[in-house]
Every structure is written in structure tokens, then in C-alpha cells.
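Student: There's a structure below that I have some questions on.
Derivation of every value follows stated rules applied to the coordinates shown; laboratory data play no part. Bear in mind the structure is a predicted one, so any value in this text is a computation, not a measurement. Note that we place each Cβ from the backbone using ideal geometry, even for glycine, and neighbour counts take in every protein chain shown.
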Amino acid sequence: MKLLALAAVLSAAASARAAPPEEVEVTAGVVTGLSCAIEARERGELGRLNACPPIEATKELVVFDVAERRIYRISPKKVGRWQLESAFGGGSIDFTGRAVKTDPRTGIATVDVNEFSITRKPKAGAFKGCL
């Protein structure tokens, strides 16, 4: 009986390792702090994403895909932290890549980005339209 259970565990582990990386495409992903993204996902309070306190940016920056309600960590291979910081608090990122690993506790995937573009956070007072 123990041998069968061990075989099942080993088989599951082998199939998990053999699974191909998931392709990821995000358009207009919100760059925010991890705690703000988790709160937005769990409570549905999307306003929290752009109103995330700057102290959260010092801990960990993630991307929240509003359409899919998924959180992604971005591998530093192609996208620098300074680039993510430029979009924190009101900007966005579009990217394509592959999810290379997923945290089993939180379900947050880490993505190796192939292509990306960042829309920086607008500067204060940048809008001068008609009122």
C-alpha cells in the first residue's frame, strides 16, 4: 500500500515537471505592490491597485492582470526593477512571455518576459484638457 502511494506521488511530481511552460500575454497590466494585488484579487477592490502606498513598492513589485484577475512576478532577466517602478501608481505594462514557475502557496506565477512595453505613470498636473 505504501509503495502504491509513493508511486502516485512520484508520478504526479514527474508530470508536474514535464508540463510545458504556460504562455502569458498581458495587456495593460497594473504594476503594484504584492499586498495590494492580493487584496484586490481577494476583495475585488481594484482601486487599491493604483492607490498602493509607496512603501509596498519597496517590498515587492508585481503585475496585476485586471482582465484575468491574476498576479504575476516578472523575472529580472529582461525587465529591470527601475522600469517597473516607472509604472508604479498609475502606469501599466504590456508583455508576453512564459510562466516558468508558480508559487504553490499563492498561485502567483513568475514570468520570463519576451517582449514588453511600459506606459509610465503620468506626471502630476500633466493633464491640461478642458474642464
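Student: Could you give me the residue pairs with C-beta distances under 6 Å whose first residue belongs to the stretch 34-53 and is touching a residue at least 12 places away in the same chain (Cβ under 8 Å), whose second residue is aromatic (Phe, Trp, Tyr) and surrounded by 19 or more Cβ atoms within 10 Å (Cβ to Cβ) wherever it lies, and which are 6+ apart or on separate chains?
Tutor: Ala37/Phe64; Leu49/Phe64
Student: Right, another one. Taking Glu115 as the residue in question, decide whether it is part of a helix (DSSP H, G or I), on the phi < 0 side of the Ramachandran plot and touching a strand residue (DSSP E or B) at 6+ places or on another chain (Cβ under 8 Å).
Tutor: The answer is no for Glu115.
Student: Let me ask something additional. Limited to the stretch 71-101, what total is found for residues that are assigned to a strand (DSSP E or B) and buried (at least 16 other Cβ atoms within 10 Å of the Cβ)?
Tutor: 10
Student: Would you mind telling me which numbered condition in (1) in contact with a Gly (Cβ under 8 Å, 6 or more places away or on another chain); (2) without any contact (Cβ under 8 Å) to a residue 24 or more places away in the chain Glu60 fails?
Tutor: (2)
Student: Looking at the stretch 66-81, I want the residues that are free of Cβ contacts under 8 Å to residues at least 40 places away in the same chain and over 11 Å from Val26 (Cα atoms) and have a partner that is acidic (Asp, Glu) and surrounded by 15 or more Cβ atoms within 10 Å (Cβ to Cβ) with Cβ atoms under 7 Å, at least 6 apart or on another chain. Which pairs are those?
Tutor: Ser75/Asp112; Lys77/Asp112
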